[in-house]
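I have placed the structure first, in the form of structure tokens, so that the comments after it can refer back to it.
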Amino acid sequence: MLSANNLTRRFGDRVAVENASLTVEPGQIFALLGPNGAGKTTTLRMLAGLIQPSSGSVTMDGEAILRHSAARIRGRIGLLTEAPGLWDRLTVRQNLTVYARLYGVPHVERSVTDTMRLFGIEDRASQPAAQLSKGLKQRVALARALVHKPDVVLLDEPTSGLDPESARDVRELILGLRSEGRAVLLSTHNLDEVERVADRVAVLRTRMIALDTPAALRARLFGSRIRITLAGDAATFVPHIEGAGISGTSSDQGMILASVDNPSLRTPQIVRRLVAAGADILSVVPDQPTLEEVYLRLLETHQDGHGPAPAVRRAGPQDPPQHS
Amino acid sequence: MKRLQALLAKELMDLRANPGLFVPAVLTGLLSLMLPFFVAVFVPWLTGERLSDSSDFTLAIELYRTEFSTAPLSPEGAVQGWIFQQFLVLLVLAPIAGAMSVAAYTVIGEKQARTLEPLLATPLSTVELLGAKVLGALIPAAALTFGSFGLYFSGVLFLAEPQVYQVLLTARALSIVFVLGPLATLAALQLAVCVSSRVNDARSAQQIGALIILPLSGLLVAQLMGRVQLTPAWLTVAAVILLLVNIGLMRTAVVIFDRESILTRWK
């Protein structure tokens, strides 16, 4: 579907993106994470055919997006920019109608009506965009990005600045795109959002420092962990666990976190040791690090964007190899 | 072409939703309309002195006696005809000023409102984008010129000496309004759009684009001083020059419109 192959973009002496590669498949939500200035928007613009890479290429179904083909391929991509960018004085319907015509949508009126219904904004059709709330503007902007039914949807910070309810609505719309079989690439800072919707995650810091499924990233960075909750202070029981040859333990008041390589084998051993030591165990559950922990760990490992990532596979099975 | 039409429709809808943009142009146009009537009709009526009695207008009377279409005019009519035709250039200038404020915001206004990036993400080509922007300002400006001319003509028909209206139906007068005027407006607008796509401030675009008004103002003054007579030959040369200028500006606008710079360097 949409592939980036060793994308590099320089602005004068500054390298905004270096050797970034990824592939977004139909029916997949791909999240692009990274701190401010990491090159996410630049990458999105290259993928959307808005700017040309300094080196590397972007292909859509195998066809490279070049100057002469960019306009045609842009017709198959829907881009939601960071700001909704609606024409304030025009009504919702007028905003969508202009874009439907620009994209050459057949049966414009009907398509616009259908799109408004799909996004639940048909009751706002005659309202000028300036009068809409921020959440509604974002919804209209998303409708605009999809009015031509693109194969690929690029979303730049789609829930930025939205209240929780509006953010949830937008997330549901994004999930709807996946079920329609569209390829979705999402650039965001919102890790909770990524946790909820993304099938694959890439972390960009000028270079791509990690790319995999969220579960695989967790496993590679943190291994398997169990969380044991005890009645009373847990710190006194940590040596008993470490005595079983388990390292990577930490405790906080009544809770112990232990990294275990084989949870089904190790967990009963740990429980037996703790009971023998007189611990009152309240619960033992598998612990899953949050994506935020994964993300922060990755950024710590790659402070300059060029450091190694020994625990992280650099590219998923569908992605071209990364150059380090 | 369909994409150009789509964006042009948006430009016109936007203007319709914000008619205030053209208020300065309409006011300037009305003032331009009133000025010659003040000089040619109101002042003589107020003072009881005929313009044709003044030696200042001898040249005008002689000029109009030599032309077939205006020869039957009375001496007073000849002077009025001369004044009304001289002020036609002013009628052309007024809409340019109004359209400039629209054109100057075309690209930079979209950028500042953050509406440019989604627009550039569509299959719209640079020619279509700039074409729609220029036409979006040219169409209302031309409508204003033609509307003003209609009012001007009606005023002359009812307020001036009999037959004076005929000076506004000569090839010279009509070509000023319907050929030179739109061509000069188009040149000014294209210049403003060119500048609008290269600067970060709409005021700069407006000021630089307004440069086109300078030669036209000079032409008006030279006419009034009797230094230049807008003969059909002179008007044809001016039209050809303006046409070439417009073609050059159109090409320049497309060449200098750098999507990447606009997206990545402007803040």
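The values are calculated or read from the model by the stated rules, or taken from the named source; none is laboratory data. Computed from a predicted model, the values in this text were never measured in an experiment. Note that each Cβ is placed from the backbone with ideal geometry, even for glycine, and that neighbours are counted across all protein chains shown. What goes into the accessible areas is simple: the full protein's heavy atoms, side chains included, and nothing from ligands, DNA or RNA. Shrake-Rupley method; radii C 1.70, N 1.55, O 1.52, S 1.80 Å.
Listed values, structure above:
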quantity	calculated
Backbone HN-Hα couplings from phi across segment A:242-258 [Karplus 6.51/-1.76/1.60, Hz, Gly and Pro as x]	5, x, 8, x, 9, 9, x, 9, 8, 9, 8, 6, x, 10, 10, 10, 10
Cα→Cβ-extended label distance, 7 Å offset, between B:Trp45 and B:Arg203, nm	4.2
Shielding by partners - mean other protein chain Cβ count within 10 Å, residues of B:12-23	2
Which listed pairs, of A:Lys137/B:Lys133; A:Lys40/A:Lys134; A:Lys40/B:Lys133, have C-alpha distances above 26 Å, in listed order	A:Lys40/B:Lys133
Modelled FRET efficiency - R0 56 Å, A:Arg220 with A:Ala125, Cβ distances, 0.05 increments	0.70
Accessible-area value, B:Asp201, 1.4 Å probe, nucleic acids and ligands omitted, Å²	50
Inter-site label distance for A:Asp233 and B:Leu30 at 7 Å from Cα along Cβ, in nm	8.7
Extension gain from A:Ala276 to A:Leu175, taking 0.36 nm per residue of separation minus the Cα-Cα distance	31.5 nm
FRET efficiency estimate (nearest 0.05) - Cβ-Cβ, A:Leu296 to B:Leu12, R0 56 angstrom	0.65
Area accessible to solvent at A:Thr229, 1.4 Å probe radius, in Å²	40
Residue-level accessible surface for B:Tyr105, protein heavy atoms, 1.4 Å, Å²	110
Stretch gain in nm, segment A:Arg14-A:Arg196, where the contour uses 0.36 nm per residue and the Cα spacing is subtracted	62.1 nm
Peptide-level mean, for A:43-49, of C-beta atoms on other protein chains within 10 Å	2
R0 of 45 Å, Cβ-Cβ distance B:Ile213-A:Arg168: FRET efficiency to nearest 0.05	0.25
Cβ crowding within 10 Å averaged over residues, with B:172-184, A:143-155 ranked highest first	A:143-155, B:172-184
Local electrostatic count at A:Arg76 - Lys and Arg +1, Asp and Glu -1, tallied over other residues with Cβ under 12 Å	+1
Peptide B:120-130 - average C-beta neighbours from other chains (10 Å radius)	6
Amide proton proximity set for A:Ala16, modelled H, under 5 Å, gap of 5+	A:Arg9, A:Arg10, A:Phe11
